[in-house]
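Heads up, the thing below is written out as structure tokens.
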Amino acid sequence: MTAELPHSVLFCCDHNAVRSPMAEGLMKKFYGQRSYVQSAGVKGEMEIDGFSIAVCKEMDVELSRHRTRSFDEMEEWGDDLGSFDLIVALSPASQRRALELTRYSHLDVEYWPILDPTGLGETRAAKLEKYREARDQIIDHMTRKWGAPMESGALAMGK
């Protein structure tokens, strides 16, 4: 049985440059405007990873305009973590940070163990394969939790 889509979800990982932007983009693609979706990292000093852009582009998910941000930057900009229904941590460090930041609120934090593809693979083809593996793990978690993508997302996946 699939869960109801949350009204708002925050995906997080270490740098908001690989896994969490992929999850944000995929969620928007699969489920449209039914949920407000954002992403953040424990740190935000990196730019979006080019391999993440490439493997998401294969699924017609645009990430090249994504700007990384950290939990601290969210706080500085006035974003309240308490306004999200769900935080999905995609790395152990982001899970610890999310739990730390939400320890006094009634906010659900879930951990999805997603492969960190950075630094894996010797060739470009091997690197892309590891990024696809991470992307596909995210897709698997999403569809198990919230069901098949809406029609527009399903068409993009060739179903």
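The values are calculated or read from the model by the stated rules, or taken from the named source; none is laboratory data. This is a predicted model, so every value here is computed, not measured. Reconstructed Cβ throughout: ideal geometry from the backbone, glycine too, with neighbour counts over all protein chains shown. Surface areas here come from the heavy atoms of the whole protein model, side chains and all, with no ligands, DNA or RNA. Shrake-Rupley method; radii C 1.70, N 1.55, O 1.52, S 1.80 Å.
Regarding His66, is this residue in contact with a Pro (Cβ under 6 Å, 6 or more places away or on another chain) and either open to solvent by 10 Å² or more (accessible area, probe 1.4 Å) or under 15 Å from Asp116 (Cα atoms) (or both)?
yes
Might you check whether a residue that is crowded, with 16+ Cβ neighbours inside 10 Å, over 17 Å from Met27 (Cβ atoms) and either among the aliphatic types (A, V, I, L, M) or touching a residue at least 40 places away in the same chain (Cβ under 8 Å) (or both) occurs anywhere in the range 137-159?
no
Are there any pairs, at least 6 apart or on different chains, whose C-beta atoms fall under 7 Å, with the first in the range 5-34 and in contact (Cβ under 8 Å) with a residue 24 or more places away in the chain and the second of a type in the set (D, E, K, R) and in a helix (DSSP H, G or I), and if so, which?
Final answer for the pair search is Leu5/Arg34; Phe11/Glu24; Cys13/Arg19; Met22/Arg135.
Quick test for you: out of Val109, Val61, Val55, pick the one residue that is of a type in the set (A, V, I, L, M, F, W, C), at pLDDT 90 or above and within 13 Å of the chain's Cα centre (by Cα).
The conditions single out Val61.
Go through the range 15-46 and report how many residues are in a loop (DSSP other than H, G, I, E, B) and either touching a Lys or Arg at 6+ places or on another chain (Cβ under 7 Å) or over 22 Å from Glu129 (Cβ atoms) (or both).
7
I need the full set of residues from the range 1-26 which are under 19 Å from Gly82 (Cα atoms) and of a type in the set (Val, Ile, Thr), in order please.
Within the range 1-26, just Val9 meets the criteria.
Would you confirm, using the coordinates I've provided, whether Ser91 is among the polar types (S, T, N, Q) and either touching a Cys at 6+ places or on another chain (Cβ under 9 Å) or open to solvent by 60 Å² or more (accessible area, probe 1.4 Å) (or both)?
yes
In the range 1-56, what residues are of a type in the set (A, V, I, L, M) and open to solvent by 20 Å² or more (accessible area, probe 1.4 Å)?
Met1, Ala3, Leu5, Val42, Met46, Ile48, Ile53, Ala54
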